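Report on the following structure.
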Amino acid sequence: MSYDRIEVRPLAGSLGAEIRGVDVRRMDNQTWSEVHQAFLEFRVIAIRDQQLQPDDIMSVSRRFGEPNFYPFVTGMEGYPYIFEIVKEPQETRNFGGGWHSDTTYLAQPPLATVLYALETPAKGGDTLYCNTAAAYDALSDTMKDMLGRLKGVNSAGLKHSGGRASHHKVIGGMKIQGTEQADTYEAIHPIVRTCPDTGRKALYVSRAHTIRFDGMTEDESRPLIEWLQQHQIRPEFTCRVQWEPGTLTVWDNRCTQHSAINDYNGQRRRMQRITVGPQIPA
Ligand SMILES: [Fe+2]
């Protein structure tokens, strides 16, 4: 794929690209088609130097899909689908740490997450991504066959990292809601899903959200889920986005996972996020 209207620079061998030379508020059809192509090709695109108001975030996000509702953080005044991710200097825990794909515990999880940086630490606060399609491709045929027959039970309870309630207690800078309902969000999705846009298969399983394989006990499931998590985040499947104020990153939740690095205590970081494109994983 060639790019004529936008400047595309890969961030790593497996996934991720930085995009310059575009104002997402004003994209003609050709420019949007190149941005969308870059999204599908690189899975994570960090579009630099944007100046966006919440209305702009809504309109660029809608190009990727209809807004998804996030159950656990209250939306911004007038923008129920956008919420702020804030870590204050005195806080020590962050939001989004630990590898996962977003809200896999919903019946129709969002195909993309759009995250816009407003305030970034002088250093640190990067986000890591991994390519779960490349991780799938690297498996043996026998493992692929077996996983292709399995479904995963995904829960919002954060059972294996201390529970959602304890997580919510320590992210004080954010408008948390719905903690009590966390355990009621549960969805069963295939462990291997196929992207309807590219036809490529990808792993759709995480230590954070997948509590067991459907039809198996948690004890039976855990070792393989743990192994798959470690496999997916092998360094050669990853890239890293370094944020600057004005960076708008869009990632494909169908074939990536991400983890927000918590290495900037004492500094403030503030982002705005929306998830879009509800889709039944298949
Ligand atoms: Fe996330």
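Tabulated data for the structure shown
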item: Residues satisfying the stated conditions in region 57-72, i.e. among the charged types (D, E, K, R) and assigned to a loop (DSSP other than H, G, I, E, B); result: GLU66
item: Scope region 112-126; condition out of contact with any helix residue (DSSP H, G or I) (no Cβ under 9 Å at 6 or more places or on another chain) and either small (Gly, Ala, Ser) or under 18 Å from PHE64 (Cβ atoms) (or both); matching residues; result: THR113, LEU115, ALA117, ALA122, GLY124, GLY125
item: Filtered residue count, region 73-104, keeping only those that are within 12 Å of the ligand (Cβ to nearest atom) and part of a loop (DSSP other than H, G, I, E, B); result: 10
item: Test: residue in region 57-66 that is more than 16 Å from GLN257 (Cα to Cα), acidic (Asp, Glu), touching a residue at least 12 places away in the same chain (Cβ under 8 Å) and away from the ligand (no atom under 16 Å from the Cβ); result: yes
item: Filtered residue count, region 83-99, keeping only those that are more than 23 Å from ALA208 (Cα to Cα) and open to solvent by less than 60 Å² (accessible area, probe 1.4 Å); result: 2
item: Residue among LEU203, LEU158, LEU147 that alone is of a type in the set (A, V, I, L, M) and within 15 Å of the ligand (Cβ to nearest atom); result: LEU158
item: Residues of region 4-51 satisfying the condition of being of a type in the set (Ser, Thr, Tyr) and open to solvent by 50 Å² or more (accessible area, probe 1.4 Å); result: SER33
item: Selection count where residues are over 22 Å from ILE188 (Cβ atoms) and either within 16 Å of the ligand (Cβ to nearest atom) or touching a helix residue (DSSP H, G or I) at 6+ places or on another chain (Cβ under 8 Å) (or both), scope region 248-269; result: 10
item: Conditions (1) within 16 Å of the ligand (Cβ to nearest atom); (2) crowded, with 24+ Cβ neighbours inside 10 Å; (3) farther than 14 Å from CYS255 by Cα: number failed by THR113; result: (3)
item: Filter result (of a type in the set (Ser, Thr, Tyr) and part of a loop (DSSP other than H, G, I, E, B)) within region 117-157; result: THR120, SER140
item: Region 35-56: number of residues that are among the small types (Gly, Ala, Ser) and either in a helix (DSSP H, G or I) or out of contact with any strand residue (DSSP E or B) (no Cβ under 8 Å at 6 or more places or on another chain) (or both); result: 1
item: Long-range neighbours under 6 Å by Cβ, at least six apart or interchain, first residue closer than 17 Å to THR104 by Cα within region 171-192, second open to solvent by 90 Å² or more (accessible area, probe 1.4 Å); result: ILE188/LYS151; PRO190/LYS151; VAL192/LYS201
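The values are calculated or read from the model by the stated rules, or taken from the named source; none is laboratory data. It should be emphasised that the depicted structure is a prediction, and the values quoted were computed from it without experimental measurement. Don't worry about glycine lacking a Cβ; one is built from the backbone with ideal geometry, like all the others, and counts go over all protein chains shown. Accessible surface areas use protein heavy atoms only, side chains included; no ligands, DNA or RNA. Shrake-Rupley method; radii C 1.70, N 1.55, O 1.52, S 1.80 Å.
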